[in-house]
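Here is the structure we will look at.
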Amino acid sequence: MDLNQILPQLESADEEETEKVLKQFNLENSHTFTFDQNEEALRIKLCQTVLSALGSPMQPSCQRTCLETLRILSRDKRVLTPVATREGMLTLGGMARLHPGQGGGDAQSEEEEKVVVEALKCLCNVVYNSPAAQQVSVDVQLAHGLCASLQTARTWHHEVGLFTLRLLFLLSALRSDLRGVLRREWHAGRLLTEVLEHTLDVRWVGSYEAARPDPQALPMPAEDNERAMEALKALFNLTLSDAGGEEGDHQFRLIAAILRHLLMLKTETEEKTEEAHSHAVNLLNNLPVSCLDVLIDVPVQGGLENYGGKNMDAIQVLLDFMERRIDKGSNYKEGLTPVLSLLTEGSRHHREIRRYIKAQVLPPLTDVKIRPEIGTTIRNKLVRLMTHVDMGVKQTAAEFLFVLCKESVDNLLKYTGYGNAAGLLVARGLLGGGRGETQYSEDEDSDTEEYKSAKPFINLITGHVEEPMPNPMEEMTEEQKEYEAQKLVNMFDKLSRQNVIRPMGVRPDGTLAPLEETLCDPADDNSGSDSD
């Protein structure tokens with residue numbers, strides 16, 4: 001229908017006629033996401049007309065039709081001016097039952113519930129597309145109403161819960177100033193944690209230990225999974241800044257325990273399980289690293305004697321997730337670096353986690369005839385990432401392996417070769433060898449007999465034993481050797497003078513510097529020392 005026809009009809013229409021006209025508009029535009037700019041003024045007027053209609057008493061079916069029209073119009077951020085007002089947001093918030101004290105837990109008819117869902121969908125669109133609406137949402141304390149609704153989460157029908165959580169996620173993502181208020185004043189962190197407990201069917205058997213999921217249980221239903229993902233995203237926003245304090249620590253450990261439970265669950269598809277694990281990883285990265293012991297400390301379920309009785313099931317799930325992300329071969333920055341960072345920090349601060357991961361990723365070397373970056377093991381895949389074109393991916397992979405080697409340069413070179421590790425060593429100022437700053441226990445570093453026997457023949461640059469190569473200078477006379485050497489010197493000199501290359505050396509502190517500076521350093525260091 002043409003908007004020039006719709007608007008005059010709505011001006012004089014009763015409730016029944018309004019519903020009929022708008023239903024036709026909704027049917028024709030249900031899949032419309034791009035709009036004619038020439039009709040922008042007409043769509044703004046339609047927004048105003050529909051909002052005015054919603055302000056009058058009408059049947060739930062007509063309310064829902066009006067809200068469907070608004071939802072379609074709200075896909076166009078240019079026509080939201082009438083909605084992004086105090087009056088407009090209060091109207092939508094009231095229909096979504098988000099005003100504190102409105103009684104979100106009261107019994108509703110099926111039609112009334114559909115009105116609530118449509119109002120929530122409208123609010124999600126409007127808040128996402130309009131900075132003005134975001135500000136008004138803060139002014140009218142829409143988030144307070146959302147938190148009040150979270151208290152009735154156990155009585156939610158699926159779509160009400162889903163879009164309530166999605167709206168909370170959007171507000172906390174787009175308005176960083178709201179996160180502290182949500183946490184401190186309206187206890188959104190605790191409420192979202194309770195939503196996750198209920199949705200994931202967590203049964204506690206210890207302070208921070210959930211009962212092991214039944215291996216024979218059906219996968220988590222798709223609707224429960226959807227709500228859990230929205231709750232995780234909102235909780236991620238709220239934990240971006242440190243809450244601190246004893247209560248905050250308890251809350252973080254509780255979240256870590258729930259996330260461990262989530263890692264052990266299966267959903268209806270591998271794709272959804274992967275998504276759940278991705279959100280769990282992102283949220284775990286926000287928690288204090290001291291809380292990660294909750295992932296392995298499950299006394300009721302028990303653990304492995306080799307690792308101090310700690311349970312490594314969740315760590316293995318994270319390792320499997322990491323390897324799958326590597327095998328995808330794309331989107332490493334967003335898909336892989338979070339889990340690498342999580343495992344790096346967990347290994348840096350928790351000895352048992354590091355020992356377990358090292359046993360899986362860097363087992364004792366036996367065959368050193370193949371370059372470390374060639375092959376299909378997890379070690380081979382990670383070493384390849386050390387020379388990735390993306391600086392963030394390269395640094396994160398190298399740091400992970402470095403921590404597994406207890407930040408020992410010698411140990412790292414043993415597994416990667418000098419060429420692959422050069423970038424990390426330059427960045428850390430460790431080209432001259434040594435260790436990083438973190439202190440590690442003295443344990444488990446032992447070489448196999450195969451490695452010990454091959455060690456003298458390993459090429460330190462490539463990290464493997466090379467086949468003997470013919471010596472190109474073997475047939476040359478001394479004069480020819482001298483001529484080739486001088487030719488090489490002249491070539492380097494020419495490139496250096498043209499600033500194509502710049503010869504570098506290593507300072508005593510392990511950092512790179514122009515060659516002329518490093519040649520002067522020893523004399524400078526010894527000039528004041530003349531003892532014998």
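The values are calculated or read from the model by the stated rules, or taken from the named source; none is laboratory data. Remember, predicted model here, so these are calculated numbers, not experimental data. Virtual Cβ from ideal backbone geometry, glycine too; neighbours counted across all protein chains shown. Heads up: the accessible areas ignore ligands, DNA and RNA and are worked out on the full protein's heavy atoms, side chains in. Shrake-Rupley method; radii C 1.70, N 1.55, O 1.52, S 1.80 Å.
The C-beta contact set for segment 364-393 (first residue closer than 12 Å to residue 417 by Cα and at pLDDT 95 or above, second residue in a loop (DSSP other than H, G, I, E, B) and among the hydrophobic types (A, V, I, L, M, F, W, C), distance under 7 angstrom, 6+ apart or interchain) comprises 380/374. Within the set 178, 174, the sole residue that is of a type outside the set (Asp, Glu), in contact (Cβ under 8 Å) with a residue 24 or more places away in the chain and open to solvent by less than 30 Å² (accessible area, probe 1.4 Å) turns out to be 178. Can you say whether residue 323 is open to solvent by 10 Å² or more (accessible area, probe 1.4 Å) and touching a residue at least 24 places away in the same chain (Cβ under 8 Å), as far as the supplied structure shows? So residue 323 passes the test.
Within segment 219-228, the set of residues being open to solvent by 10 Å² or more (accessible area, probe 1.4 Å) and either in a helix (DSSP H, G or I) or touching a strand residue (DSSP E or B) at 6+ places or on another chain (Cβ under 8 Å) (or both) comprises 219, 220, 222, 223, 224, 226, 227. Residues satisfying the criterion are absent from segment 118-130 (criterion: within 37 Å of the chain's Cα centre (by Cα), modelled with pLDDT under 95, buried (at least 16 other Cβ atoms within 10 Å of the Cβ) and part of a loop (DSSP other than H, G, I, E, B)). Within segment 58-85, the residues that satisfy the criterion of being more than 36 Å from the chain's Cα centre (by Cα) and surrounded by fewer than 19 Cβ atoms within 10 Å (Cβ to Cβ) are 58, 59, 60, 61.
Of the helices (runs of 4 or more DSSP H) entirely within segment 1-55, those holding at least 2 residues that are at pLDDT below 90 occupy 3-12.
On inspection, residue 254 does not qualify as open to solvent by less than 10 Å² (accessible area, probe 1.4 Å) and assigned to a helix (DSSP H, G or I). Sort out which residues of segment 402-432 are over 27 Å from residue 390 (Cβ atoms) and modelled with pLDDT under 90, and write them in order of number. Listed by number, the list holds a single entry, 432. Of the residues making up segment 263-278, just one is in contact with a strand residue (DSSP E or B) (Cβ under 9 Å, 6 or more places away or on another chain) and open to solvent by less than 10 Å² (accessible area, probe 1.4 Å), namely 276. Counting residues in segment 89-108 that are more than 21 Å from residue 32 (Cα to Cα), open to solvent by less than 40 Å² (accessible area, probe 1.4 Å) and β-branched (Val, Ile, Thr) gives one or more.
Name every residue in segment 380-419 that is open to solvent by 20 Å² or more (accessible area, probe 1.4 Å) and either closer than 15 Å to residue 344 by Cα or of a type in the set (S, T, N, Q) (or both), in order of residue number.
387, 392, 394, 395, 396, 399, 411, listed by residue number.
Being in a helix (DSSP H, G or I), within 33 Å of the chain's Cα centre (by Cα) and at pLDDT below 95 is a description that applies to residue 154.
Here residue 166 does not qualify as open to solvent by 10 Å² or more (accessible area, probe 1.4 Å), modelled with pLDDT under 95 and farther than 24 Å from residue 45 by Cβ.
Could you say whether any residue in segment 137-145 is open to solvent by 20 Å² or more (accessible area, probe 1.4 Å), under 18 Å from residue 90 (Cα atoms) and of a type in the set (Val, Ile, Thr)?
yes
Annotation: of all residues in segment 510-532 being modelled with pLDDT of 75 or more and charged (D, E, K, R), the one that is least open to solvent (accessible area, probe 1.4 Å) is 517.
Got a sec? Which of 462, 396, 376, 416 is under 25 Å from residue 326 (Cα atoms), under 25 Å from the mean Cα position of the chain (by Cα) and among the β-branched types (Val, Ile, Thr)? When all the criteria are applied, what remains is 396. Can we say residue 22 is of a type outside the set (S, T, N, Q), surrounded by 14 or more Cβ atoms within 10 Å (Cβ to Cβ), under 21 Å from residue 96 (Cα atoms) and touching a Gly at 6+ places or on another chain (Cβ under 8 Å)? So residue 22 fails the test. Checking each residue in segment 487-497 for being open to solvent by 100 Å² or more (accessible area, probe 1.4 Å) and either among the basic types (Lys, Arg) or at pLDDT 90 or above (or both) picks out 491, 494, 497.
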